[in-house]
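Inspection log for the structure reproduced underneath, given as C-alpha coordinates.
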Amino acid sequence: MRLDRFLCETGFGTRSQVKAFLKKGLVTVNGETAKKPEQKIKETEDAVFCNGKRAVYAVFVYLMLHKPAGVVSATEDRRERTVLDLLDTEDRRKVFPVGRLDKDTEGLLLLTDDGELAHRLLSPKKHVDKVYFAEVEGQITEAHADRFQEGLDIGEKELTLPAELEILKSGAVSEVRVTIREGKFHQVKRMFEAVGCRVVYLKRLSMGTLTLDEKLAAGAYRNLTEEEITKLKQLTGLLPVR
Ligand code: URA
(Lines give C-alpha, C1' and ligand atoms only; values in the text may rest on other atoms or scores of the structure.)
Protein backbone atom coordinates (compact mmCIF):
# COMPACT_ATOMS: atom_id res chain seq x y z
CA MET A 1 0.00 0.00 0.00
CA ARG A 2 1.16 3.58 -0.60
CA LEU A 3 2.56 5.26 2.48
CA ASP A 4 0.21 8.26 2.33
CA ARG A 5 -2.86 6.03 2.10
CA PHE A 6 -1.55 3.86 4.92
CA LEU A 7 -1.19 6.91 7.18
CA CYS A 8 -4.70 8.10 6.30
CA GLU A 9 -6.16 4.68 7.01
CA THR A 10 -4.39 4.47 10.35
CA GLY A 11 -5.93 7.74 11.48
CA PHE A 12 -3.20 10.35 10.94
CA GLY A 13 -5.37 12.71 8.94
CA THR A 14 -6.44 13.55 5.43
CA ARG A 15 -4.23 12.99 2.38
CA SER A 16 -3.03 16.60 2.48
CA GLN A 17 -2.31 16.54 6.23
CA VAL A 18 -0.37 13.32 5.80
CA LYS A 19 1.59 14.76 2.87
CA ALA A 20 2.54 17.72 5.06
CA PHE A 21 3.85 15.33 7.77
CA LEU A 22 5.92 13.55 5.12
CA LYS A 23 7.33 16.81 3.78
CA LYS A 24 8.36 17.90 7.26
CA GLY A 25 10.26 14.63 7.75
CA LEU A 26 8.00 13.48 10.60
CA VAL A 27 7.47 10.00 9.18
CA THR A 28 9.82 7.04 9.47
CA VAL A 29 9.63 3.58 7.92
CA ASN A 30 11.78 0.98 9.67
CA GLY A 31 13.81 3.77 11.26
CA GLU A 32 14.46 5.71 8.04
CA THR A 33 12.87 9.08 7.36
CA ALA A 34 10.37 8.71 4.52
CA LYS A 35 9.38 11.67 2.39
CA LYS A 36 7.68 10.11 -0.62
CA PRO A 37 3.89 9.67 -0.36
CA GLU A 38 4.01 6.99 -3.07
CA GLN A 39 6.54 4.80 -1.20
CA LYS A 40 5.13 1.29 -0.96
CA ILE A 41 4.95 -0.33 2.45
CA LYS A 42 3.84 -3.67 3.84
CA GLU A 43 0.93 -2.84 6.14
CA THR A 44 1.48 -5.52 8.74
CA GLU A 45 5.29 -5.82 8.57
CA ASP A 46 6.90 -2.40 8.26
CA ALA A 47 7.34 -0.25 11.38
CA VAL A 48 5.86 3.11 10.45
CA PHE A 49 5.93 6.04 12.85
CA CYS A 50 4.33 9.44 12.35
CA ASN A 51 5.03 12.27 14.80
CA GLY A 52 6.61 9.67 17.09
CA LYS A 53 3.48 7.48 17.14
CA ARG A 54 3.34 3.99 15.65
CA ALA A 55 0.87 3.62 12.81
CA VAL A 56 -0.99 0.39 13.45
CA TYR A 57 -2.84 -1.09 10.53
CA ALA A 58 -6.33 -2.20 11.40
CA VAL A 59 -7.42 -5.13 9.32
CA PHE A 60 -10.82 -3.49 9.46
CA VAL A 61 -11.87 0.03 8.55
CA TYR A 62 -13.67 2.20 11.10
CA LEU A 63 -15.09 5.52 9.93
CA MET A 64 -16.92 8.22 11.86
CA LEU A 65 -19.36 10.05 9.60
CA HIS A 66 -21.26 13.21 10.49
CA LYS A 67 -24.40 12.16 8.65
CA PRO A 68 -26.24 15.06 7.09
CA ALA A 69 -30.01 15.09 6.64
CA GLY A 70 -31.23 13.88 3.24
CA VAL A 71 -29.20 10.68 2.85
CA VAL A 72 -30.30 7.18 3.83
CA SER A 73 -28.33 4.85 6.13
CA ALA A 74 -28.02 2.04 3.61
CA THR A 75 -25.29 0.68 1.38
CA GLU A 76 -27.43 1.00 -1.73
CA ASP A 77 -30.77 2.41 -2.71
CA ARG A 78 -32.43 2.69 -6.08
CA ARG A 79 -33.70 6.21 -5.61
CA GLU A 80 -32.04 7.87 -2.63
CA ARG A 81 -28.48 9.01 -1.99
CA THR A 82 -26.88 6.77 0.63
CA VAL A 83 -24.26 7.43 3.28
CA LEU A 84 -21.77 5.46 1.16
CA ASP A 85 -22.14 8.05 -1.59
CA LEU A 86 -20.47 10.50 0.80
CA LEU A 87 -17.27 8.44 0.98
CA ASP A 88 -14.26 8.51 -1.35
CA THR A 89 -14.28 5.38 -3.50
CA GLU A 90 -11.14 4.01 -1.83
CA ASP A 91 -12.83 4.22 1.59
CA ARG A 92 -15.99 2.40 0.57
CA ARG A 93 -14.39 -1.05 0.52
CA LYS A 94 -16.93 -3.25 2.28
CA VAL A 95 -18.08 -0.84 4.98
CA PHE A 96 -21.68 -0.62 6.11
CA PRO A 97 -23.43 1.63 8.62
CA VAL A 98 -23.70 0.34 12.17
CA GLY A 99 -27.42 0.81 12.73
CA ARG A 100 -29.66 3.28 11.02
CA LEU A 101 -30.45 6.92 11.37
CA ASP A 102 -33.60 8.19 9.67
CA LYS A 103 -33.18 10.11 6.44
CA ASP A 104 -33.86 13.40 8.25
CA THR A 105 -31.67 12.58 11.28
CA GLU A 106 -28.15 13.99 11.48
CA GLY A 107 -25.10 13.15 13.48
CA LEU A 108 -22.84 10.31 14.47
CA LEU A 109 -22.81 7.25 12.24
CA LEU A 110 -20.14 4.59 12.51
CA LEU A 111 -19.24 2.77 9.30
CA THR A 112 -17.12 -0.34 9.38
CA ASP A 113 -16.46 -3.73 7.83
CA ASP A 114 -15.93 -5.26 11.29
CA GLY A 115 -19.08 -7.38 11.50
CA GLU A 116 -18.41 -8.65 15.00
CA LEU A 117 -18.04 -5.19 16.52
CA ALA A 118 -21.14 -3.97 14.66
CA HIS A 119 -23.13 -6.95 15.86
CA ARG A 120 -22.12 -6.36 19.47
CA LEU A 121 -22.85 -2.63 19.34
CA LEU A 122 -26.32 -3.32 17.96
CA SER A 123 -27.14 -6.32 20.11
CA PRO A 124 -30.27 -5.58 22.19
CA LYS A 125 -28.60 -7.43 25.07
CA LYS A 126 -25.66 -5.03 25.27
CA HIS A 127 -27.76 -1.91 25.95
CA VAL A 128 -25.26 0.46 24.41
CA ASP A 129 -26.13 4.09 25.27
CA LYS A 130 -27.12 6.31 22.36
CA VAL A 131 -27.35 10.03 23.06
CA TYR A 132 -29.42 12.35 20.88
CA PHE A 133 -30.04 16.07 20.78
CA ALA A 134 -33.63 16.80 19.80
CA GLU A 135 -35.85 19.80 19.15
CA VAL A 136 -39.41 19.00 20.06
CA GLU A 137 -42.61 20.90 19.44
CA GLY A 138 -44.26 21.81 22.72
CA GLN A 139 -43.20 22.46 26.27
CA ILE A 140 -41.16 19.61 27.74
CA THR A 141 -41.23 19.33 31.51
CA GLU A 142 -39.89 17.11 34.29
CA ALA A 143 -43.14 15.13 34.04
CA HIS A 144 -42.04 14.02 30.57
CA ALA A 145 -38.61 13.12 31.92
CA ASP A 146 -40.28 10.93 34.57
CA ARG A 147 -42.28 9.13 31.91
CA PHE A 148 -39.16 8.49 29.83
CA GLN A 149 -37.56 7.04 32.99
CA GLU A 150 -40.56 4.78 33.66
CA GLY A 151 -40.60 3.36 30.11
CA LEU A 152 -43.10 4.14 27.37
CA ASP A 153 -45.59 2.20 25.31
CA ILE A 154 -44.53 2.80 21.71
CA GLY A 155 -46.62 -0.06 20.35
CA GLU A 156 -44.04 -2.79 20.96
CA LYS A 157 -44.57 -5.91 23.06
CA GLU A 158 -42.76 -4.31 25.97
CA LEU A 159 -42.30 -0.83 27.33
CA THR A 160 -39.10 0.97 26.32
CA LEU A 161 -36.18 0.65 28.70
CA PRO A 162 -35.70 3.59 31.09
CA ALA A 163 -34.33 6.56 29.16
CA GLU A 164 -32.86 9.83 30.42
CA LEU A 165 -34.41 13.05 29.23
CA GLU A 166 -32.44 16.16 30.01
CA ILE A 167 -34.24 19.43 29.34
CA LEU A 168 -31.91 22.03 27.84
CA LYS A 169 -34.60 24.57 26.95
CA SER A 170 -38.34 24.44 27.51
CA GLY A 171 -40.57 26.56 25.26
CA ALA A 172 -42.76 26.47 22.16
CA VAL A 173 -39.97 24.38 20.69
CA SER A 174 -38.04 22.63 23.45
CA GLU A 175 -34.47 21.38 23.28
CA VAL A 176 -33.53 18.16 25.00
CA ARG A 177 -30.84 15.54 25.29
CA VAL A 178 -32.13 11.96 25.29
CA THR A 179 -30.20 8.82 26.20
CA ILE A 180 -31.66 5.50 25.08
CA ARG A 181 -30.27 1.99 25.37
CA GLU A 182 -32.15 0.34 22.54
CA GLY A 183 -32.38 0.97 18.84
CA LYS A 184 -35.94 0.37 17.78
CA PHE A 185 -37.15 1.79 14.48
CA HIS A 186 -37.80 5.57 14.86
CA GLN A 187 -37.41 5.05 18.59
CA VAL A 188 -36.82 8.62 19.75
CA LYS A 189 -39.60 10.03 17.58
CA ARG A 190 -42.00 7.34 18.75
CA MET A 191 -41.13 7.97 22.39
CA PHE A 192 -42.02 11.63 22.01
CA GLU A 193 -45.18 10.71 20.11
CA ALA A 194 -46.12 8.51 23.07
CA VAL A 195 -46.12 11.61 25.28
CA GLY A 196 -47.97 13.72 22.69
CA CYS A 197 -45.00 15.62 21.23
CA ARG A 198 -43.37 15.83 17.82
CA VAL A 199 -39.65 15.77 17.10
CA VAL A 200 -38.75 18.43 14.55
CA TYR A 201 -34.96 17.97 14.59
CA LEU A 202 -32.85 15.02 15.66
CA LYS A 203 -29.09 14.58 15.87
CA ARG A 204 -27.12 11.68 17.34
CA LEU A 205 -24.27 12.85 19.53
CA SER A 206 -22.79 9.57 20.72
CA MET A 207 -22.97 5.81 20.66
CA GLY A 208 -21.34 4.04 23.58
CA THR A 209 -17.86 5.50 24.05
CA LEU A 210 -17.83 7.10 20.60
CA THR A 211 -18.71 10.80 20.46
CA LEU A 212 -19.29 12.84 17.32
CA ASP A 213 -16.19 14.90 16.56
CA GLU A 214 -17.34 18.53 16.59
CA LYS A 215 -14.71 19.37 14.00
CA LEU A 216 -16.51 17.20 11.43
CA ALA A 217 -18.91 19.24 9.32
CA ALA A 218 -22.14 17.56 8.20
CA GLY A 219 -21.21 15.20 5.37
CA ALA A 220 -17.56 14.87 6.47
CA TYR A 221 -15.92 11.77 7.92
CA ARG A 222 -12.64 10.50 9.31
CA ASN A 223 -10.99 7.30 10.45
CA LEU A 224 -11.45 6.43 14.10
CA THR A 225 -8.33 6.85 16.22
CA GLU A 226 -6.70 3.79 17.80
CA GLU A 227 -8.04 4.97 21.17
CA GLU A 228 -11.62 5.22 19.88
CA ILE A 229 -11.41 1.72 18.37
CA THR A 230 -9.93 0.26 21.56
CA LYS A 231 -12.65 1.85 23.73
CA LEU A 232 -15.44 0.47 21.53
CA LYS A 233 -13.86 -2.98 21.64
CA GLN A 234 -13.54 -2.78 25.41
CA LEU A 235 -17.13 -1.62 25.75
CA THR A 236 -18.39 -4.58 23.76
CA GLY A 237 -16.09 -7.15 25.38
CA LEU A 238 -13.87 -7.66 22.33
CA LEU A 239 -10.86 -6.42 24.31
CA PRO A 240 -10.19 -6.63 28.04
CA VAL A 241 -10.40 -3.40 30.06
CA ARG A 242 -7.00 -2.61 31.53
N1 URA B 1 -34.68 7.55 16.77
C2 URA B 1 -35.37 8.05 15.74
O3 URA B 1 -36.56 8.29 15.86
N4 URA B 1 -34.74 8.30 14.59
C5 URA B 1 -33.42 8.09 14.41
O6 URA B 1 -32.89 8.35 13.32
C7 URA B 1 -32.70 7.55 15.49
C8 URA B 1 -33.34 7.30 16.65
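Find how much the distance from ASP85 to GLU158 grows on full extension, using 0.36 nm per residue of separation minus their present alpha carbon separation; answer in nm with one decimal. If you can, show how the numbers build up before the last one.
Values: separation 73, 0.36 × 73 = 26.28 nm, distance 3.66 nm.
Gain on extension, ASP85 to GLU158, equals 22.6 nm.
Lys and Arg at +1, Asp and Glu at -1: add these up for the other residues within a Cβ distance under 10 Å of GLY183 and post the number.
Details: positive: ARG100, LYS130, ARG181, LYS184; negative: GLU182.
Net local charge, GLY183 excluded: +3.
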Query raised in the report: If you take every DSSP beta bridge whose two residues both sit in the chain, what share of them, in percent to the nearest 5, is antiparallel?
Result: 90 percent
Requested in this report: Just check region 183-242 against the gyration tensor rule for me: Cα atoms, a ≥ b ≥ c as the square roots of the eigenvalues, rounded for a/c under 1.5, and otherwise prolate or oblate depending on whether a/b exceeds b/c.
Outcome: oblate
Query - Folded to 0 to 90 degrees: helix 226-235 orientation relative to the chain principal axis, Cα - result: 40 degrees
Query - Calculated on alpha-carbon atoms, Rg and Dmax of the chain in Å - result: 20.6, 65
Report task. For region 77-130, run through the GluC sites (Glu not before Pro) and keep only the ones in DSSP coil with at most 15 other Cβ atoms within 10 Å of their Cβ. Result -> GLU80
Query raised in the report: How much area per residue is accessible in region 129-242 when the probe is 1.4 Å and only protein heavy atoms are counted (Å²)?
Result: 54 Å²
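List the chymotrypsin sites (Phe, Trp or Tyr not before Pro) in region 174-234 that DSSP assigns to loop (not H, G, I, E or B) and whose Cβ has at most 14 other Cβ atoms within 10 Å. Which are they?
On the way: sites: PHE185, PHE192, TYR201, TYR221; in loops: PHE185.
Within region 174-234, the qualifying chymotrypsin sites (Phe, Trp or Tyr not before Pro) (loop, at most 14 other Cβ atoms within 10 Å) are PHE185.
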Query - J(HN,Hα) series, region 70-82, from Karplus relation 6.51 cos²θ - 1.76 cosθ + 1.60, nearest Hz, glycine and proline x - result: x, 10, 9, 7, 9, 8, 8, 7, 5, 10, 9, 6, 10
Requested in this report: May I ask you to list the trypsin sites (Lys or Arg not before Pro) in region 1-62 that are in a DSSP loop and have at most 16 other Cβ atoms within 10 Å of their Cβ?
Outcome: LYS24, LYS35, LYS42
Query raised in the report: If you take the charge dipole of the chain about its Cα centre, with +1 on Lys and Arg Cβ and -1 on Asp and Glu Cβ, which of LEU210, THR75, VAL56 is farthest toward its positive end?
Result: VAL56
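Tell me the carbon and sulfur percent of the accessible area for the chain, rounded to whole percent, probe radius 1.4 Å. All intermediate terms of the calculation are to be shown ahead of the outcome.
On the way: 6450 of 13170 Å².
Its accessible area is 49 percent carbon and sulfur atoms.
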Query raised in the report: So what are the ³J(HN,Hα) numbers for region 151-157, from phi and the Karplus equation (6.51, -1.76, 1.60; θ = phi - 60°), rounded to whole Hz, Gly and Pro as x?
Result: x, 10, 8, 10, x, 9, 4
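Just from its helices, what would the mean residue ellipticity at 222 nm be for the chain, if runs of 4 or more DSSP H residues each count -39500 (n - 2.57) and the sum is divided by every residue, rounded to the nearest 500 deg cm²/dmol? Walk me through the numbers before you get to the answer.
Working: 7 runs with 55 residues, N = 242.
Result for the chain, helices only: -6000 deg cm²/dmol.
The values are calculated or read from the model by the stated rules, or taken from the named source; none is laboratory data. These figures come from a predicted structure and were not determined experimentally. No Cβ is skipped: glycine too gets one built from the backbone with ideal geometry, and neighbour counts run over all protein chains shown. Each accessible area value is taken on the protein alone, full model and side chains, heavy atoms only, with ligands, DNA and RNA left out. Shrake-Rupley method; radii C 1.70, N 1.55, O 1.52, S 1.80 Å.
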